[in-house]
1. So how much accessible area does residue 52 have, in Å² to the nearest 10, using a 1.4 Å probe?
2. In nanometres, what is the gap between the two model label sites at residue 54 and residue 86, each 7 Å from Cα along Cα-to-Cβ?
3. By how many nm would the segment from residue 74 to residue 9 grow when fully extended, if each residue of separation counts as 0.36 nm and the alpha-carbon distance is taken off?
Amino acid sequence: MTDRSDRSIAGEVALVTGGGRGLGAATARSLTAAGARVFVIDLHRPAAGEAIDERVTYLAGDVTDLGDMSRAVETVVRDAGRLDIVIANDVRSRECRGQFGDPVGGAH
């Protein structure tokens, strides 16, 4: 395995699913602090004063909807020119629910 512990992500482009709050928001904050350009897809945009960082681009969308996810990737590539990092923080899908059960509380 290659050691990448010294690899910088400054200038890279990231998409975080379910990044509007909780662990996803913390991940988006960390990526932004490390110099990445960050896009977040979530069902809900954070309220005023709860935004992660003014440098984060929010995309409204449902990660269980293939069309929303495709549009999110297309938007990132169109706006940033590429997509280097994907953090699948919220990976629930309709297909997975049948196999693994619904997430606790069904919350996003």
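The values are calculated or read from the model by the stated rules, or taken from the named source; none is laboratory data. Predicted, not measured: the structure shown is a model, and the values here were computed from it. Don't worry about glycine lacking a Cβ; one is built from the backbone with ideal geometry, like all the others, and counts go over all protein chains shown. Protein only, heavy atoms only, side chains kept; ligands, DNA and RNA dropped before computing areas. Shrake-Rupley method; radii C 1.70, N 1.55, O 1.52, S 1.80 Å.
1. Accessible area of residue 52: about 20 Å².
2. 3.2 nm
3. The span from residue 74 to residue 9 would gain 21.3 nm if fully extended.
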